[in-house]
Each structure stands twice: as C-alpha cells, then as structure tokens.
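Since every read-out is calculated from the coordinates, none of them should be taken as a lab result. On a predicted model such as this, the values are computed, not experimentally measured, just so you know.
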C-alpha cells in the first residue's frame, strides 16, 4: 500500500509535481476534478453538483436526509469513505481534498505541501495567464483563502499547520526534477518504516480543540467569533472575568460587566455585539465605566458591522464561496 497526499499553494507547481509523480511511481491520481466527474454524480443531482463546484460549505450537506440520523453522511464524508476504499486496493496520490487529514493516522501515508514565495507564484500566473502583478497577488490571496477555508470548514484544521505534513517543499530555487527527486527519495525510505503522522501531544491538542468547540456559548455569533480566533491561533478564554461597575450605599454590586472573550496573549478583553452601534448605548456605557475604574484593563467592542465583515471574509455564515 502506498498513499501520497499533496497540498499546495496556488501557482506553486503542486499540480505539475502531482501529475509527474503519479506517472513515475505508478500511482492513481485523484483530485477535485476527478471526484466531481466520477464520484459525486453517483450521489448528487445537477443542482447539487453545481453547488459543490461553487461552495465549500455545500460539502457539509447531508446526502441522505431521509435515512436514520446515525446513517446520514455528508458529501465530505462520502468523499473520505471513497478515498479510504480506493486506498485499500490501489496505490494512490491525492491532490488536495483535505487528504492530509483523512489519512493522517494511516501508517502508509506520506503528506507533502508545496509552497513558493509570492514573487514566484505571481510570476507563474503572469506567464500562464498574462496577469498584472496586482491582479496575480489578488488571485493568490483569494485562492489560498479558499483552500484554507475548505480544510477548516470540513476538517476543523488549519491547513497551514506544519505538523500535518512530513515535508513542506519550497519551490523557490528548486526545479521540477529536483522537487520530484526529494519526494521520491522520502517515499522510498518511508516504505521501510511505515508509521502514522501522529503522537500523543497532537491527540491531546485535538481533544482540547474538541472541548472548546463543544462549549456552550450564549449566542451563535460568539461561537463563530471563536472559530475566527482559532483559525489564527489566537488563544482565548470565554467570559473568564466579571468587573463590578456600580455599588449601592451598602456596598452591594448593582452593575457588573463580563466581557465575552479574553485574548490571553494580547491581554485584551473583547465584547461582541451583533447590534448596530446606535443600539449599544448600555454596552458602551459599561465599557466606559470599566475603563474609568480599571484603567489598566484593555477592552474592545466588536460591533455588528465589524463582525459581519470578519464572518464574510472567512465565510463562516454564508453558503457560497
């Protein structure tokens, strides 16, 4: 059994490496286009296929909603099942599809990521499509965000995590032949010592992430904001502190403020509101009082517009890409 997964930045040459590597090693190449053409038509109608081409969120949709709950699977689950089934009988090379996570515990799987500098990749887009440098840079930003968003949305991992890969290969200064030689040498050595890309520390981290994701938030927007923080590896605590703001003559607290998030590494509290600014008078009052009474405490309000811009950027609450 041989399984190689390749993730790549846009215009880094990952597709070229995958195609040539599959030819030289005799591996069946499976990528997004292959799945859309050969597998998904078996379970998706014309409209669903169109949506699957357009939206990463659609991959979370259930294929068989009429079945018992414990038997329902999403399009993403279906792809993962097909990939694992394929690997049982064939040697395969998978380009993208979150395969580095699907096979992360498989001892016969090797995971590579192909990257390159923005200058290198812009030059590739210029040569292939004739794009102006500014156009090329924008295209790279959008495409990389799309790849990252898919892996996060489907597998709850940031594809930039270095520990997801056995090797990250920088194409700057490396020819196609040199890149292939490096990967094939590692693949040859790995045959002698198959073991999964996993360890106890990673398992503990995943349990911690799972625990955070299952936290009971007061509002759905707080859960989405926590996802944004996690995507950027910003450590946070949820409602850890309450600050008294007003007292009655007997010294009893009659007003207090508990900010939604505390960003531990930035020593900053964040209060999230999905209301428009003109409706946040009471919340603004509390923040002003907190700053007056506790001048050393840093606190910021994320307003409705600010949150919507963040959510739109990462498409946490939309169905289209």
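Odds and ends about this structure:
- Rel. contact order, % - alpha carbon contacts under 8 angstrom, at least six apart, the stretch 1-137: 45
- Base-10 log of normalised Debye intensity for the stretch 3-203 (one unit scatterer per alpha-carbon) at q = 0.11 Å⁻¹: -0.55
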